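Here's the structure we're looking at; comments come further down.
The values are calculated or read from the model by the stated rules, or taken from the named source; none is laboratory data. The structure displayed is predicted, hence computed values, not measured ones. Here Cβ is always computed from backbone atoms with ideal geometry, including for glycine, and neighbour counts include all displayed protein chains. SASA here: full protein model, heavy atoms, side chains in, ligands and nucleic acids out. Shrake-Rupley method; radii C 1.70, N 1.55, O 1.52, S 1.80 Å.
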Amino acid sequence: MAPISFRTAGESHGRGLTTILEGIPAGLPLDMARDVDPELARRQGGHGRGRRMQIESDRAELLAGVRLGETLGSPISMLIWNRDWKNWTVAMNPVAPDPDENPKALRAMYLPRPGHADLVGVLKYGRRDTRDILERASARETAARVACAAVVKRLLSEFGIRVGSYVRSIGDVEAPDPDALPDDLNRAADASPVRTLDEEAARRMIEAIDRAKEEGDTLGGVFEVVVTGLPVGLGSYVSWDRKLDGRLAHAMMSIHAIKGVEIGLGFEGARRRGSRVHDPILRDAAAVRTGGFVRSSNGAGGLEGGITTGGPLVVRGAMKPISTLMKNRLPSVDLRDGSTRVGATERSDVCAVPAAAIVGEAMVALTVADAFLEKFGGDSLGELRRNFDGYLAYLSARGWGER
Ligand code: EPS
């Protein structure tokens, strides 16, 4: 069994989202207001979000797994209430409606939106009302993932491992490649309404979002997640399902609307010669986490053979534009009578790439923490630390002929 597992439940306009996170060792200090709620707030931000984010002010309540400010090693259960639920108590009620209920109050939707799970969902699950599908398929669910990841990030921070992200492009507006990433990546990115590092690009991205909004359209984009402070040796090449790059790709692709993933140079690497892709190996005895070796470039994005090199882990996600269109709605079919119509509209976002970057951080953090615990194990934070320190001691004690 993978050391870290989590499951979420909840519909977008149901009472709330709930989650169970398993595998966090005992003794990790955890304070929801300090460690979890700020992460939820980061996910709610970004220029281009819809009105829903003004209604919600996401906070996670702890139901289990933490006592007197420290984890117990037992499953951690959290709950995020949907404030919007009060507007949906009839349409999303778990109890069957009164026969004389006004059908309009049930807010059924019969016009599947191209690009959303609406059509494939009703076909697969034998439903007619696409609301039965879209409520769970909504990216609202990612709030629960971010809550789990906030706990995991707290754990990783104990070992000097940091997970950050920034936005590289929105629509056709691409920010220039940064020369070097700021030391505190999230502080720099969070200061921008589109979470990008270049002010001029930010201005053009905001303009593009505003234009898309006026035109009733939507925009996607590309974000990058970067993990620093990792030790060499997480993941493995020995079997296909243990390769960390494969596990990261799975985690990233599980995020709503993500249609592409790159690691390191990604697709660009396929255009270059090998001598301009691979990262020269240099000896540096002081670089303990990377095994006494460093690289003069990072085309591999911190992974060789599905194993961390200890260099920055670089994973990019490409998000397609959100499928709910306010104008230029695409052809669709009315599921009540098969007539030709256009896809439904419903309150939505114009662009959620800045938020998707936070969700990308979350999924990468959960995957990396899983690999970290797989390597170092431990039922308590103290045991995990002893195992980690023992590994670092082994790495620094290894000689290569110069001592
Ligand atoms: C989201 C909440 C949703 C949407 C968005 C993500 O709220 P509502 O549907 O009430 O406006 O803003 O979901 C989608 C874009 C989608 O297609 O489902 C959230 O909390 O992130």
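Brief remarks on what is shown
- Rounded tilt (10° steps) of 199-214 against the dominant C-alpha axis of the chain: 20 degrees
- Count Lys and Arg as plus one, Asp and Glu as minus one, and take only other residues whose Cβ is under 14 Å from that of residue 28; the net charge is then -2.
- Distance between the 7 Å Cα→Cβ label points at residue 83 and residue 124: 3.2 nm.
- Rounded to the nearest 20, the size of the Cβ-charge dipole of the chain about its Cα centre is 540 debye, with Lys and Arg at +1 and Asp and Glu at -1.
- Here the alpha carbons of the range 51-170 define both size measures, Rg and Dmax, at 19.1, 60 Å.
- For the range 239-323, with +1 on Lys and Arg beta carbons and -1 on Asp and Glu, the positive-most of 254, 323, 288 along the dipole: 323
- Between helix 381-397 and the chain: long-axis angle, C-alpha atoms, 0 to 90°, nearest 10: 40 degrees
- At R0 = 41 Å, FRET efficiency that the Cβ-Cβ distance of residue 396 and residue 336 yields, to 0.05: 0.05
- Only DSSP H runs of four or more residues enter the estimate; each adds -39500 (n - 2.57), and after division by the residues of the chain the mean residue ellipticity at 222 nm equals -9000 deg cm²/dmol.
- In this simple spin-label approximation, residue 96 and residue 177 carry label points 7 Å from Cα along the Cα→Cβ vector, and these lie 6.2 nm apart.
- Surface accessible to a 1.4 Å probe, per residue, for the residues of the chain, Å²: 49 Å²
- Within straight-line cross-link reach of residue 104, aspartates and glutamates at Cα separation under 15 Å, skipping those fewer than 8 residues along the same chain: 129, 346
- For the peptides 97-108, 53-64, residues were scored by their other Cβ atoms within 10 Å and the scores averaged per peptide; the highest-first order is 53-64, 97-108.
- Fraction of accessible area attributable to carbon and sulfur, the range 192-311 (%, probe 1.4 Å): 54 percent
- Long pairs among 124/320; 153/243; 124/375; 213/259; 320/375; 86/124, criterion Cα-Cα beyond 27 Å: 124/375; 320/375; 86/124
- Acute angle (nearest 10 degrees) that the helix 353-376 long axis makes with the longest principal axis of the chain, alpha-carbon atoms: 40 degrees
- At full extension, residue 158 and residue 238 could sit 25.9 nm farther apart than now, given 0.36 nm per residue minus the alpha carbon distance.
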